[in-house]
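Down below is the structure, laid out as structure tokens.
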Amino acid sequence: MIKVGYISTNETRKLRFEVLWPHKEKMEACVLPTDDLTTTFHIGVKENNEIKSVGTFLKEINPTFDFQRQYRLRAMATDKKEQGKNFGKKLIQFAVEELQKKGIELLWCDARKIAIQFYEAIGFKSIGDYYEIPIIGQHKLMYYVIPKKR
Ligand SMILES: CC(C)(COP(=O)(O)OP(=O)(O)OC[C@H]1O[C@@H](n2cnc3c(N)ncnc32)[C@H](O)[C@@H]1OP(=O)(O)O)[C@@H](O)C(=O)NCCC(=O)NCCS
């Protein structure tokens, strides 16, 4: 059975390490300084209680965008063996509904070049040129305007 919902910071670490940051020395080092802020939340997709996809959502304004209520997506990863099964899409859909309930207007992220088509497929747009993030590679700024909750 597939379940999408809130997960703990600890539950994000394994996929962050395996999929995103294998250059770190260990799983426990796969942390973000904002992980445990009260405004930060982590979403996971589980199948039969095993984590298949993770993403972290934190309150951060990007001055490129003319919106007051912004959130940033970080550390989005789907288990390598499970990519292309719509786990990532389910995760973003769930998170966008939660953000909508909070009145958030815009979700943005630094998208890795290899993930741009994923974000486009789920409705994100990109803005500006590629930029380099050390160790990780080329990125583009991407965003999703969240419709107001009716
Ligand atoms: C990017 C990533 C999170 C996508 O997660 P996923 O669970 O594999 O994606 P999904 O299966 O939910 O894909 C959703 C849609 O995006 C499309 N898509 C996903 N990856 C794609 C790719 N590389 N190229 C083209 N389309 C892609 C799917 O075809 C699907 O489209 P559909 O709704 O029309 O069927 C995952 O591939 C991953 O972890 N990659 C490595 C880490 C990474 O780059 N993370 C992002 C950091 S910014």
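Here region 85-96 is the region considered, the condition is being within 6 Å of the ligand (Cβ to nearest atom) and surrounded by 21 or more Cβ atoms within 10 Å (Cβ to Cβ), and the residue that is nearest to TYR119 (Cα to Cα) is GLY88. Could you check how many residues of region 6-41 are outside any helix (DSSP H, G or I), exposed (fewer than 14 other Cβ atoms within 10 Å of the Cβ), more than 16 Å from the ligand (Cβ to nearest atom) and not β-branched (Val, Ile, Thr)? Going through region 6-41 one residue at a time, the tally reaches 7. For region 41-67, residues that are under 14 Å from the mean Cα position of the chain (by Cα) and more than 27 Å from MET1 (Cβ to Cβ) total 3.
Listed here are the residues, each with its yes/no results for (1) of a type outside the set (S, T, N, Q); (2) touching a helix residue (DSSP H, G or I) at 6+ places or on another chain (Cβ under 7 Å).
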residue	(1), (2)
GLN70	no, no
LYS80	yes, yes
ILE92	yes, no
ALA111	yes, yes
GLU120	yes, no
ILE133	yes, no
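GLU82 satisfies every condition listed in (1) closer than 13 Å to MET142 by Cβ; (2) near the ligand (Cβ under 8 Å from one of its atoms) except (1).
Each value in this text was obtained by applying a stated rule to the coordinates, not by laboratory testing. From a predicted model like this one, the values you see are computed outputs, not experimental measurements. Reconstructed Cβ throughout: ideal geometry from the backbone, glycine too, with neighbour counts over all protein chains shown.
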